[in-house]
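The values are calculated or read from the model by the stated rules, or taken from the named source; none is laboratory data. Note that the structure is predicted; figures quoted are calculated from it, not measured. Note: ideal-geometry Cβ built from the backbone for every residue, glycine included; neighbour counts use all protein chains shown. Remember, those area values only see protein heavy atoms, side chains included, never the ligands or the DNA or RNA. Shrake-Rupley method; radii C 1.70, N 1.55, O 1.52, S 1.80 Å.
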Amino acid sequence: MSVTIYSAQVVGLDAQPISVEVDITPGLHIFSIVGLADKEVQESRERIGAAIKNLGALAPHKKSQRVIINLAPADVKKEGPAFDLPIALGFLLASEQISFDPKGKLFLGELGLDGALRKVSGVLPIALASRVAGFNQLILPKGNGPEAALLDGLEILEVESLSEAVEYLSGRKEISPLSKIEHTSRPPSYPIDFRDIKGQEKAKRALEIAAAGGHNILMAGPPGAGKTILAQALPSILPPLSFEESLDVTKIYSVAGVLGADNPFLTTRPFRNPHHTSSHTAIIGGGTYPRPGEATLAHKGVLFLDEFPEFDRRVIESLRQPLEERSITVARTHGVQTFPAHFMLVAAMNPCPCGNFGNPIKDCSCSSGAVLKYKKKISGPMLDRIDLHIETPAVEYEKLEGGEAEPSDKIRARVLHAREIQKKRFRNLPITTNSEMGLREIKEFIKIKDALRPVLKLAHERHHLSARAYHRVLKLSRTIADLAASDDILQEHILEALQYRPKQEL
């Protein structure tokens with residue numbers, strides 16, 4: 001007897017329904033899974049056999065029969081343990097040990113040897129694909145349901161074991177669908193507030209500008225000056241995610257398997273802080289079958305690279321594409337995937353390997369060659385893509401013992417106001433911040449008064465600005481004007497933007 005039930009496979013950041021076809025015929029015993037299944041799927045034969053045996057049913061290994069499982073379409077790579085439940089149910093249905101109508105139902109779940117179901121990753125994109133494909137019911141392991149219950153038009157049922165799934169499908173047990181989880185922006189809770197950071201007023205101002213316009217920023221200063229804590233405080237002044245942004249970010253985290261059990265829907269912007277020893281694949285993404293990396297996990301949030309020059313040069317240079325295009329295309333023999341990577345880059349570095357170059361109190365122990373080699377680890381084209389370059393000097397004692405600084409909520413209010421101005425400006429375009437403007441948008445939305453053109457000309461000639469750097473100065477000036485609620489870009493806005501160019505350029 002041959003039957004078909006349905007499951008799904010995540011491909012990149014999206015999912016595709018998979019038909020699980022089970023055919024049982026008399027003959028010498030064989031239990032084979034075909035359809036481009038990887039080792040994890042092939043190993044499911046043992047898990048499924050033990051789970052069915054512990055259910056009290058006749059397992060595939062206990063009878064002379066040919067059991068062929070085909071996962072279609074055959075040209076899509078099948079990986080992961082999520083096919084355990086549909087394969088087990090398909091066998092029980094084909095062997096006539098249970099009876100149910102599989103139409104409109106999609107199954108996911110990893111089986112334990114005792115028949116218990118374990119959670120799987122990638123549920124949100126699978127739920128989205130299921131709804132598009134016309135399925136009306138999604139049966140999942142307990143704990144995966146809230147993630148899928150974010151969507152309308154799909155019944156989400158949680159089961160704890162194979163036996164519970166069989167009882168429900170056979171009509172012996174009622175299981176109530178999960179209620180839809182409404183998207184609510186919970187009050188943000190941030191571990192670090194700007195009020196806790198003493199001194200570094202210039203760095204705080206630069207971070208406010210970066211947050212207002214979505215600009216990239218590089219902080220350079222001696223160890224212990226506060227670069228890391230400033231970066232960690234940045235999310236506290238960023239606007240909350242919209243529903244569409246939350247859905248995109250949650251889908252990425254679901255596929256990566258890093259979605260928290262107590263937080264099925266992300267409402268705060270991601271903050272990713274990979275170690276400087278992280279590999280190229282870990283940061284950019286990749287693998288034989290491409291998977292998202294840290295740059296994609298930072299989508300709509302912040303990618304913080306501490307000890308920036310210590311990262312592998314290949315990693316640093318690979319960030320040039322996503323900083324311009326806000327996406328990453330990973331090409332491998334087995335496929336090409338494009339992952340979103342629209343993040344704010346926040347990088348931090350010391351002035352030299354020992355960290356004391358230019359320090360008036362501590363002597364630098366590095367040779368001039370070592371200092372030059374350290375700085376040359378970051379190429380000119382990479383520096384050109386960073387809008388704000390700031391120095392974070394050591395904080396003086398008087399500032400450390402001073403009163404409370406300005407809190408994050410006040411800074412965030414100014415950032416939100418500037419973002420609203422940009423939202424109205426770009427309401428008919430697929431961009432939301434000044435940093436996303438291309439050449440056409442710059443020409444349309446950035447109007448420089450004739451009286452200010454000599455200032456820009458002088459800056460361009462004296463500081464040898466590249467075309468990219470010149471346009472970034474314009475975009476930065478527009479953001480500074482938005483923070484000041486000014487319709488026009490004034491001279492002070494341009495001069496402040498020029499202060500954030502790298503020293504070697506100025």
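Of note:
- Hits in the stretch 309-319 - residues which are out of contact with any Phe, Trp or Tyr (no Cβ under 6 Å at 6 or more places or on another chain), more than 19 Å from Pro290 (Cα to Cα) and not acidic (Asp, Glu): Phe311, Arg313, Ile316
- Members of the stretch 375-412 that are within 26 Å of Leu474 (Cβ to Cβ) and either open to solvent by 80 Å² or more (accessible area, probe 1.4 Å) or of a type in the set (A, V, I, L, M) (or both): Ile378, Met382, Leu383, Ile386, Leu388, Ile390, Glu391, Ile411
- Helices (runs of 4 or more DSSP H) completely within the stretch 280-359 that count 2 or more residues being touching a Lys or Arg at 6+ places or on another chain (Cβ under 7 Å), surrounded by 24 or more Cβ atoms within 10 Å (Cβ to Cβ) and of a type in the set (A, V, I, L, M, F, W, C): none
- Failed item, numbered, when Glu245 is tested on (1) open to solvent by 70 Å² or more (accessible area, probe 1.4 Å); (2) in a helix (DSSP H, G or I): (1)
- Picking from residues in the stretch 10-22 that are modelled with pLDDT of 95 or more and either in contact with a Lys or Arg (Cβ under 9 Å, 6 or more places away or on another chain) or β-branched (Val, Ile, Thr) (or both), the one that is farthest from Arg66 (Cα to Cα) is Ile18.
- The listed residue being at pLDDT 90 or above and not in a strand (DSSP E or B), out of Leu71, Leu28, Leu89: Leu89
- The residues of the stretch 48-63 that are without any contact (Cβ under 8 Å) to a residue 12 or more places away in the chain and crowded, with 18+ Cβ neighbours inside 10 Å amount to a single one, Ala59.
- Checklist (1) under 15 Å from Val415 (Cα atoms); (2) assigned to a helix (DSSP H, G or I) applied to Pro240, failing item: (2)
- Subset of the stretch 97-122 (residues that are aliphatic (A, V, I, L, M) and either in contact with a Pro (Cβ under 6 Å, 6 or more places away or on another chain) or closer than 19 Å to Phe135 by Cβ (or both)): Leu106, Leu108, Leu117, Val120
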